[in-house]
1. Please go through (1) touching a strand residue (DSSP E or B) at 6+ places or on another chain (Cβ under 6 Å); (2) buried (at least 20 other Cβ atoms within 10 Å of the Cβ); (3) touching a residue at least 60 places away in the same chain (Cβ under 8 Å) for Pro3 and return the number of the only condition it doesn't satisfy.
2. Output the qualifying pairs, or none if there are none: Cβ atoms under 6 angstrom, residues six or more apart or on different chains, first residue in the range 18-30 and within 18 Å of Ser78 (Cα to Cα) and open to solvent by less than 10 Å² (accessible area, probe 1.4 Å), second residue of a type in the set (Gly, Ala, Ser) and not in a helix (DSSP H, G or I).
3. Output the residues belonging to the range 361-393 that are more than 23 Å from Ser336 (Cα to Cα), of a type in the set (Phe, Trp, Tyr) and either surrounded by 12 or more Cβ atoms within 10 Å (Cβ to Cβ) or modelled with pLDDT of 95 or more (or both).
4. Answer yes or no as to whether Ser38 is more than 26 Å from the chain's Cα centre (by Cα), surrounded by fewer than 17 Cβ atoms within 10 Å (Cβ to Cβ), modelled with pLDDT under 95 and of a type in the set (Gly, Ala, Ser).
5. Any idea which residue in the range 226-274 is most open to solvent (accessible area, probe 1.4 Å), counting only those that are among the basic types (Lys, Arg), under 19 Å from Leu317 (Cβ atoms) and in contact with a Gly (Cβ under 8 Å, 6 or more places away or on another chain)?
6. Are any of the residues in the range 183-194 within 18 Å of His111 (Cβ to Cβ), in contact (Cβ under 8 Å) with a residue 12 or more places away in the chain and surrounded by fewer than 24 Cβ atoms within 10 Å (Cβ to Cβ)?
7. So which residues in the range 30-64 are closer than 12 Å to Val5 by Cα and in a strand (DSSP E or B)?
Amino acid sequence: MEPFVYDVNLAGAIGDGESDDTEAFKNAWNVVCSSHISSGIFRVPYGQKFLLQPLTFNGECRPKNITFQIDGILIAPSDPSSWKCKETNCNNWITFQHFDGLIIQGTGSLHGQGQKWWQMGCMHNKVLCSSQKAASFAILDSKNVHISGLTSVDSRKWHISIERSSSVHASKLNIKAPKDSPNTDGIRIQHSTNVTIASSIIKTGDDCIGIGDGSKYININRIFCGPGHGISIGSLGENGRRETVEYVTVRRANFYATENGLKIKTWQGGHGYARYIRFEHISFSKVIRPIIIDQYTCPLHQHCKNYSTAVEISNILYNDLRGTTNGEIAVELSCSKSVPCKNIRMKDIQLDYGINGKMYDGHPKSHCLNVVQSWDEGYVYPNVPCLTKKLSY
């Protein structure tokens, strides 16, 4: 049976970029969601711009398989004071929740229009700004989700958030915001399992991809990152919480002019672990700090004291990492004194000093603190003295 297709224009959307089309999108979704046909397509046509207030699509519908075909342009209100947002369900702009079998695809784009948010802060809409979990596009409490082809521009905070979800595959995305835009993470993953991010370009003012608490079996492949703050795990353990991340693989990523490359970050006094993480076949160009483990995060403007507890970092592999840094410290392993990092393995690492694509004679350095039972498995430059050299090469 052919899927049921419903165009937002049939529900009264104007698509001129100025008229509020939120109610038309809600009406179109109600039609698709109540259809008796087993699969439905919600269509946003090419060549039109749709101004939308915060909007949630709930996947508890009759059709088992839903496709959002987004070929037009979705636009958020540009002025923070014009957001129509109540105290509930207003953390995110476009939310997809409670789906099992969801495809979101197309050649369209989401324009978060975050410029005034970045300039003015939160004084015009404190309800919306009260949560740190604010995204242009959120996948919540869902499974078997495929996202492809879309562009996200100038989100007020995170671009895409994946939370409490499983079996999510995102590919061929284009995410962009100015390098000085605050908190504009490209993709943020939390409390989710079996998530793949592939073949995407991410240029933002914060983490290209951030992996937070409760994430496991995360695969990141063929990502171009830069500008931005790199790919980060954490931060974990804030306010003494127990937080965990495990079984993460990052392969074939390219970092260009980023502040960080591959980062694991935890708060002092936390609990939990970050473990079984692989970084392989990575290239860097003009990256200030290519490799970082930082376990000494503490509140801003407060004295950072030592704690007897820490998030445990173990079983981390860095393999085939090459390129240039324009910072002094290319490899920083700053681990907890009370719970040292262990089983950190490095092999085939070549990080040279270079600017604007040119190699220079400067020698990048490494910094090690509280790393035990860890290994230099061959050809690691700069030398990382806290790693024991294996004798097999």
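1. Answer for Pro3: the failing condition is (2).
2. From the range 18-30, the pairs are Asp21/Ala13.
3. Tyr379, Tyr381
4. Considered against the rule, which asks whether it is more than 26 Å from the chain's Cα centre (by Cα), surrounded by fewer than 17 Cβ atoms within 10 Å (Cβ to Cβ), modelled with pLDDT under 95 and of a type in the set (Gly, Ala, Ser), Ser38 comes out as yes.
5. Per the criteria, the residue is Lys265.
6. yes
7. Correct list: Ser39, Gly40, Ile41, Phe42, Arg43, Val44.
So that you can scan it fast, the table gives a plain yes or no per residue for (1) at pLDDT 95 or above; (2) more than 20 Å from Lys157 (Cβ to Cβ); (3) small (Gly, Ala, Ser):
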site: Gly12; (1), (2), (3): yes, yes, yes
site: Asp21; (1), (2), (3): yes, yes, no
site: Trp29; (1), (2), (3): yes, yes, no
site: Arg62; (1), (2), (3): no, yes, no
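The values are calculated or read from the model by the stated rules, or taken from the named source; none is laboratory data. Predicted model only: the values in this text are computed from it and were never measured. Ideal geometry is used to build each Cβ from the backbone, glycine not excepted, and the neighbour counts take in all protein chains shown. The protein model used for the area step is the full one, side chains on, heavy atoms only, and it has no ligands, DNA or RNA in it. Shrake-Rupley method; radii C 1.70, N 1.55, O 1.52, S 1.80 Å.
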